[in-house]
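Chemist: To start, I am sharing the structure in question, which I have written as structure tokens.
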Amino acid sequence: MDLQNQQRIKDAAEKYNPEDLVVILGSSDAEGAEIYAETVANGDPTFAGPLAGVQLGLAVYHVFEEDVKSEADTAAWEEQISMMEMVLDPDSLAAAVAAMRKEYSRYSL
Amino acid sequence: MSSVGIKGYAYSLNHVPEMGLHYGNTPYVERLTKGETEFLSKLPEHLQQYEDARDYAPNQAYIGGITLDEYETQPKPWYENRMTDAGRYGRYGEIMPEDEFLGLMDICDVFDIIWLERSFASVVREKLAKDPVITDKVLARLENGHDLDEINVEIEKHRALPLYFENNVVGCVRSGHEVDECLFPYVLLENLASKASAVLSVLHLLKNFDVDPGEIDFVIECSEEGAGDMNQRAGGNFAKAIAEIAGLVNSSGCDVRGFCAGPVNAMIAAASQVASGARKNCLVVAGGAVPKLYMNARDHVKKSMPALEDCLGSFAVLLVEDSGDSPVMRLDALGKHTVGAGASPQAVTSALVWDPLQKRGLTFNDVDKYAAELHTPEITLPAGAGDVPLANSKMIAALSVMKQQLEKKDMMDFVREKGLTGFAHTQGHIPSGVPYIGHACDAIREGKLNRVMIIGKGSLFLARLTNLSDGASFFIEKSSGTPAVGAVTKDDVKRLILEALGDIKDSLQ
């Protein structure tokens, strides 16, 4: 996760109650999604950014996870996201983030 | 006139591993901010020799050393299955070695910014003289060089950047100003490298298509570099600077920018000028980007593979009036990613592919090939960025399913049939659709293809001016065979009205 996004998330976690924060990922790559999820929950595994050693424990989901999809407006989903559901592998992306959340997140929806 | 002819095209690479090692943005910034890290100590072991780059199938596909059909049959991974019959020159251009490129940079320097060591310059002169596109007039611009002591003084006392070949300092890039950051050596290195690589492709185009340099009317340059000074940071103008060295004495030019969408927008700007009759012809050109060398090398090193991003890419395309004998670029149905279109991949793909198809009453199947973001997958996959051209083809296929023009089960057949395997270096603007123009035009001339779509996309948000991205697209197809009509004159309109009135009169009688 790039350093600026790490800083944004760190700032948001300081400004708002971390319990009320949810990070939604749209990554197209399962390996990348895992690293992003780990970063916002357990800290930057590359130890390069502002979240190095910072365990925010935030709730983190992939946009393709049912918990998020079911909250979305159906028409907006159809117009903005449904095409990518056909292009990507939604199940493996959802599973990758869910596994990280179970391991590291202190909060969930 | 809604179409213009594509008369010529050229594509070249400059293999510059040592320039990348020292000045590619990833290693350069790491060295600057962290010193000699583990990554930097390992990177030299992963550099490729010139022959490695020359024999790398994607590079040969880029310069036209092989056709794209031949490219598809090359065994993968390409870096472990080097070609055995590859040469320096292809149908579209060449892969130039680093020492000769430093010479070409000196040739393209008119402000005494580049200094080469005397004996190095002499050796390079002999080598460049053998390049069929480097004429005596071009070669005469190469300076005799300087003593190494003089160069070292520039480096040590005047913050010049050293230039390396085979681990030795063989020259330097001098500063253009005492305090103006826009004219510091790193910026000038970027700009002169971009200019020199662009010149190489222009020279190949002139030679390959037998074009008299004096015939070129206008040049539009579309790299991602910024040339200027502190009062006008990216004022330009690369185009005219390139034209000067290439001997395009009757041309002028200007630059068009748009990150990776720059080349497609430049093609549209150039074609529009030709179609309107404002210019007799227009040359679209771009050189390569030094900062992008070894951009993903951290991952390549981590995964014990060669650091593949060691070439500057360049291209040139010549647009002329549609005379009926060249493939044409259509202007009547352009793809445009509007401000209000939204940023999702679905919105972008709709704007760039579906909208222009609809405008012409075509289906997804009426296009033989879609070319977008043609990055070599072996470069991007290890860095977690996926197979970019494959992802683009899948998006177009998925949109086709949504528009009920394709069965979902046939998506991968669509991708195989209409997608392309990437073969361009990760040089930002270079992979964005344009590398396919040459191959597409050849296939159209040979009757193998009828119509293709070229798609460019740009990450505008990187400049912190807007959160938007951008994109543009156009069709290339077989000419109708009839020369296109020029701009409509008053007399044309009068004649048409009189003809129509005559028809009405006849029908009334």
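Chemist: Would you be able to tell me the number of residues in the range B:168-179 that are exposed (fewer than 15 other Cβ atoms within 10 Å of the Cβ) and either within 24 Å of B:Ile107 (Cβ to Cβ) or charged (D, E, K, R) (or both)?
Modeler: Selection size over the range B:168-179: 3.
Chemist: Which one of these is away from chain B (no Cβ under 12 Å), out of contact with any Ser or Thr (no Cβ under 6 Å at 6 or more places or on another chain) and surrounded by 17 or more Cβ atoms within 10 Å (Cβ to Cβ): A:Ala72, A:Ala94, A:Ala41?
Modeler: When all the criteria are applied, what remains is A:Ala94.
Chemist: What do you reckon, is B:Gln60 part of a loop (DSSP other than H, G, I, E, B), crowded, with 19+ Cβ neighbours inside 10 Å and modelled with pLDDT of 95 or more?
Modeler: no
Chemist: Further question on the same structure: Please find, among A:Glu14, A:Glu71, the residue that is acidic (Asp, Glu) and over 28 Å from A:Val87 (Cβ atoms).
Modeler: Testing whether each residue is acidic (Asp, Glu) and over 28 Å from A:Val87 (Cβ atoms) leaves just A:Glu14.
Chemist: Quick check, is B:Leu352 within 14 Å of chain A (Cβ to nearest Cβ), in contact (Cβ under 8 Å) with a residue 60 or more places away in the chain and in a helix (DSSP H, G or I)?
Modeler: Yes: the conditions hold for B:Leu352.
Chemist: Just to be sure, is A:Met100 more than 13 Å from chain B (Cβ to nearest Cβ) and either surrounded by 15 or more Cβ atoms within 10 Å (Cβ to Cβ) or over 20 Å from A:Ala12 (Cα atoms) (or both)?
Modeler: yes
Chemist: Next up: So B:Gln358 clears everything in (1) polar (S, T, N, Q); (2) within 20 Å of B:Phe474 (Cβ to Cβ); (3) buried (at least 18 other Cβ atoms within 10 Å of the Cβ); (4) away from every other protein chain (no Cβ under 13 Å) except one condition, right? Which one?
Modeler: Only one criterion is unmet by B:Gln358, namely (3).
Chemist: May I pose another question? Please find, among B:Glu36, B:Glu70, the residue that is farther than 23 Å from B:Tyr164 by Cβ, out of contact with any Phe, Trp or Tyr (no Cβ under 8 Å at 6 or more places or on another chain) and surrounded by fewer than 19 Cβ atoms within 10 Å (Cβ to Cβ).
Modeler: B:Glu70
Chemist: Which numbered condition in (1) more than 30 Å from B:Leu318 (Cβ to Cβ); (2) assigned to a helix (DSSP H, G or I) is the only one that B:Glu36 fails?
Modeler: Unmet condition: (2).
Chemist: Kindly check whether there is at least one residue in the range B:233-240 that is surrounded by fewer than 24 Cβ atoms within 10 Å (Cβ to Cβ), in contact (Cβ under 8 Å) with a residue 60 or more places away in the chain, within 30 Å of B:Asp99 (Cα to Cα) and of a type outside the set (Phe, Trp, Tyr).
Modeler: Within the range B:233-240, none of the residues are surrounded by fewer than 24 Cβ atoms within 10 Å (Cβ to Cβ), in contact (Cβ under 8 Å) with a residue 60 or more places away in the chain, within 30 Å of B:Asp99 (Cα to Cα) and of a type outside the set (Phe, Trp, Tyr).
Chemist: Kindly evaluate B:Asp410 against the criterion of being away from chain A (no Cβ under 14 Å), over 21 Å from B:Lys76 (Cα atoms) and either acidic (Asp, Glu) or assigned to a helix (DSSP H, G or I) (or both).
Modeler: no
Chemist: Looking only at the range B:388-396, decide whether some residue is buried (at least 18 other Cβ atoms within 10 Å of the Cβ) and farther than 30 Å from B:Arg298 by Cβ.
Modeler: Checked the range B:388-396: at least one residue is buried (at least 18 other Cβ atoms within 10 Å of the Cβ) and farther than 30 Å from B:Arg298 by Cβ.
Chemist: Looking only at helices (runs of 4 or more DSSP H) that fall completely inside the range A:32-109, which ones have 2 or more residues that are more than 21 Å from A:Glu19 (Cα to Cα)?
Modeler: Per the criteria, A:74-80, A:82-87, A:90-104.
Chemist: Identify the residue in the range B:361-394 that is in a helix (DSSP H, G or I) and of a type in the set (Asp, Glu) and, among all such residues, is farthest from the chain's Cα centre (by Cα).
Modeler: B:Asp366
Chemist: Every residue in the range A:13-32 that is over 14 Å from A:Leu109 (Cα atoms) and surrounded by 15 or more Cβ atoms within 10 Å (Cβ to Cβ), please.
Modeler: Correct list: A:Ala13, A:Leu25, A:Gly26, A:Ser27, A:Ser28, A:Asp29, A:Ala30, A:Gly32.
Each row is one residue, and each column tells you yes or no for (1) within 20 Å of B:Glu190 (Cα to Cα); (2) in a helix (DSSP H, G or I).
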site: B:Phe101; (1), (2): yes, yes
site: B:Met105; (1), (2): yes, yes
site: B:Phe111; (1), (2): yes, no
site: B:Leu116; (1), (2): yes, no
site: B:Ser122; (1), (2): no, yes
site: B:Glu126; (1), (2): no, yes
site: B:Lys137; (1), (2): no, yes
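Chemist: Tell me, which residue of the range B:413-442 that is outside any loop (DSSP other than H, G, I, E, B) and touching a strand residue (DSSP E or B) at 6+ places or on another chain (Cβ under 8 Å) is nearest to the other protein chains (Cβ to nearest Cβ)?
Modeler: So, considering only residues that are outside any loop (DSSP other than H, G, I, E, B) and touching a strand residue (DSSP E or B) at 6+ places or on another chain (Cβ under 8 Å), the one nearest to the other protein chains (Cβ to nearest Cβ) is B:Lys418.
Chemist: Take the range B:335-349 and flag every residue that is away from chain A (no Cβ under 14 Å) and assigned to a loop (DSSP other than H, G, I, E, B).
Modeler: B:His337, B:Thr338
The values are calculated or read from the model by the stated rules, or taken from the named source; none is laboratory data. None of the values given here were measured: they were computed from a predicted structure. Neighbour counts run over all protein chains shown; Cβ positions are idealised from the backbone, glycine included.
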